[in-house]
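Trainee: Below is one structure. I have some questions about it.
The values are calculated or read from the model by the stated rules, or taken from the named source; none is laboratory data. Since the model is a prediction, treat every value here as computed from it, not as a measurement. Virtual Cβ from ideal backbone geometry, glycine too; neighbours counted across all protein chains shown.
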Amino acid sequence: MNTGNVQNLTGQQGTFAQGVNLGYLYRKGPDNYVDEIGENGGTIYLRDQSGIGRAIYYQSANYRTVFSAVIFGALQGTQRPSLMARITKYLLTGSGIEENLAVVPSILKIEPNPTRGNGTIYFRISGNVRNLTVFDAFGRTVAGWRLNSEKEMTISWNLLNSNREPLPAGIYFVRMTGTGFTTTKSFVVLR
């Protein structure tokens, strides 16, 4: 193929992609005259080698969205997982997913977040905690612990299932309940 117009992409100053520099599959299948994007109320976060917008994000009072004319899988370079983590964080922040209805002091920290599906994740909790439950994006229970703790503790969870397969990539939710409170937070599993 001798057509194409995107060689590399640069994250724009002041956006979540700031500092990202990626190659693209120039003159390969995904680079068959990639569309140009203007701001039109949004913010361009990736520009190509000619300064042309190739990816944009938009935020309103009710939702956030990200659009890209370049194919994510065709991005080249070691910063690709970092860019996906940044996009995910942008989409989840302020979206109403994070819930904290605590009446009594409680803490739920999830580390690392995002994480890999074949690693270990740690839930650091404190407060009068009775249950900790992990759900997938469809609301299905993935894991759970019954607790009777009034002190700080850490639960480590190996994300490999009984067949030694990694937890699928996606967004997961952790709900911590106790006497008079419920706290829900999200975490992301990357490939």
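Trainee: Restricting to region 66-79, what's the tally of residues that are surrounded by fewer than 16 Cβ atoms within 10 Å (Cβ to Cβ) and either in contact with an Asp or Glu (Cβ under 6 Å, 6 or more places away or on another chain) or part of a helix (DSSP H, G or I) (or both)?
Mentor: 2
Trainee: Where residues in region 141-167 are hydrophobic (A, V, I, L, M, F, W, C) and part of a loop (DSSP other than H, G, I, E, B), which of them is surrounded by the fewest Cβ atoms within 10 Å (Cβ to Cβ)? Talk me through it step by step, then tell me what you get.
Mentor: Pass one, region 141-167, residues hydrophobic (A, V, I, L, M, F, W, C): 142-143, 145, 147, 153, 155, 157, 159-160, 167.
Then keep just the ones that are part of a loop (DSSP other than H, G, I, E, B); that gives 159-160, 167.
Values: Leu159: 20, Leu160: 14, Leu167: 22.
The qualifying residue surrounded by the fewest Cβ atoms within 10 Å (Cβ to Cβ) is Leu160.
Trainee: Also, quick follow-up: Would you say Thr10 is at pLDDT 90 or above, closer than 23 Å to Thr88 by Cβ and crowded, with 17+ Cβ neighbours inside 10 Å?
Mentor: Working: at pLDDT 90 or above: yes; closer than 23 Å to Thr88 by Cβ: yes; crowded, with 17+ Cβ neighbours inside 10 Å: yes.
Answer is yes for this residue.
Trainee: Return the total of residues in region 7-65 being among the charged types (D, E, K, R), in a loop (DSSP other than H, G, I, E, B) and touching a residue at least 40 places away in the same chain (Cβ under 8 Å).
Mentor: So in region 7-65, the residues among the charged types (D, E, K, R) come out as 27-28, 31, 35-36, 39, 47-48, 54, 64.
Restricting the remaining residues to those that are in a loop (DSSP other than H, G, I, E, B) gives 27-28, 35-36, 39.
Checking the rest, the ones that are also touching a residue at least 40 places away in the same chain (Cβ under 8 Å) come to 28.
Of the residues in that region, 1 qualify.
Trainee: Being of a type in the set (A, V, I, L, M, F, W, C), assigned by TED's automatic domain parsing to the domain that holds Gly178 and either part of a loop (DSSP other than H, G, I, E, B) or at pLDDT below 85 (or both) is true for just one of Phe138, Phe123. Which residue is that? Let's see the steps before the verdict.
Mentor: Values: Phe123 fails: either part of a loop (DSSP other than H, G, I, E, B) or at pLDDT below 85 (or both).
Of Phe138, Phe123, the one residue that is of a type in the set (A, V, I, L, M, F, W, C), assigned by TED's automatic domain parsing to the domain that holds Gly178 and either part of a loop (DSSP other than H, G, I, E, B) or at pLDDT below 85 (or both) is Phe138.
Trainee: Next question. Being free of Cβ contacts under 8 Å to residues at least 60 places away in the same chain, β-branched (Val, Ile, Thr) and under 26 Å from Leu83 (Cβ atoms) is true for just one of Thr177, Thr120. Which residue is that? Before you say what the answer is, go through the steps one by one.
Mentor: Details: Thr177 fails: under 26 Å from Leu83 (Cβ atoms).
The unique qualifying residue is Thr120.
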